[in-house]
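In what follows, a structure is listed as structure tokens, so that the remarks can point back to it.
The values are calculated or read from the model by the stated rules, or taken from the named source; none is laboratory data. This structure is a prediction, so every number in the text was calculated from the model and none was measured. Using ideal geometry, Cβ is built from the backbone for each residue, glycine included, and neighbour counts are taken over all protein chains shown. Please note that ligands, DNA and RNA were not included when accessible areas were found on the heavy atoms of the full protein model with its side chains. Shrake-Rupley method; radii C 1.70, N 1.55, O 1.52, S 1.80 Å.
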Amino acid sequence: MKKIILLFFIFINFVYAFSYNDILLKSQASIFPKIILLDKKLNNKLIDGKIVYTIVYEKDDYDTALEISKFMDAYYKGYFNEYIYKINLVEFSNLSNETEASAIYVLNSDKYIKKTAEVAKRKGIVTFAYDINNLKNGLLFSLMLEKSSVLYLNKESLNNQAINFVDSLYLIVKFIDERSNYKQL
């Protein structure tokens, strides 16, 4: 009987998409666009005068990506500060160098995280990860809710010369690198 129950729960995980924490998703959706505005070279990343915030997702996570988009539209009402924005929902398998993006927010994936980091690096744009463990694959930022909100910055991925943030951002982030134990974060 125990084996059947265990197999049932394993099967449920495969049938359904990744599970997400709604509070964390909303916190990230509220904070990440503000970080985009701290990029000193943001004007070089505008597409038709707009910030294109691209959310990449696995096919089964489309509803989660859509919920994030709707939340952001309600929260920001069309503007990140004085910049008009557009939210672009892109399935991981469709992401390429031609994908319009001023910044990329990455939901979970078993196989596309490194590809996403490479696309972002070639474009010189900032990336945000839902899961902090995806920073080890080259993504730049993640936000975790601990005793307070903690913004993590992947030190190795920061070497991209096309991304240059205002100095005050570096004072509030917690830097991590390849020696960091992601499981404990």
Pull up region 19-56, narrow it to residues that are within 15 Å of Ala101 (Cα to Cα) and basic (Lys, Arg), then point me to the one that is nearest to the chain's Cα centre (by Cα).
-> Lys45
Of residues in region 151-172 being touching a residue at least 24 places away in the same chain (Cβ under 8 Å) and open to solvent by less than 40 Å² (accessible area, probe 1.4 Å), the one nearest to Ala29 (Cα to Cα) = Leu151
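Considering region 132-163 alone, what residues qualify as being among the acidic types (Asp, Glu) and either under 12 Å from the mean Cα position of the chain (by Cα) or not in a helix (DSSP H, G or I) (or both)?
First pass over region 132-163, keeping only residues among the acidic types (Asp, Glu): 146, 156.
Hit for region 132-163 is Glu146, nothing else.
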Quick check: is even one residue across region 71-78 open to solvent by 30 Å² or more (accessible area, probe 1.4 Å), within 19 Å of Ser142 (Cα to Cα) and at pLDDT 95 or above?
-> yes
Residue that is surrounded by the fewest Cβ atoms within 10 Å (Cβ to Cβ), among those in region 102-116 that are of a type in the set (Lys, Arg) and part of a helix (DSSP H, G or I) = Lys114
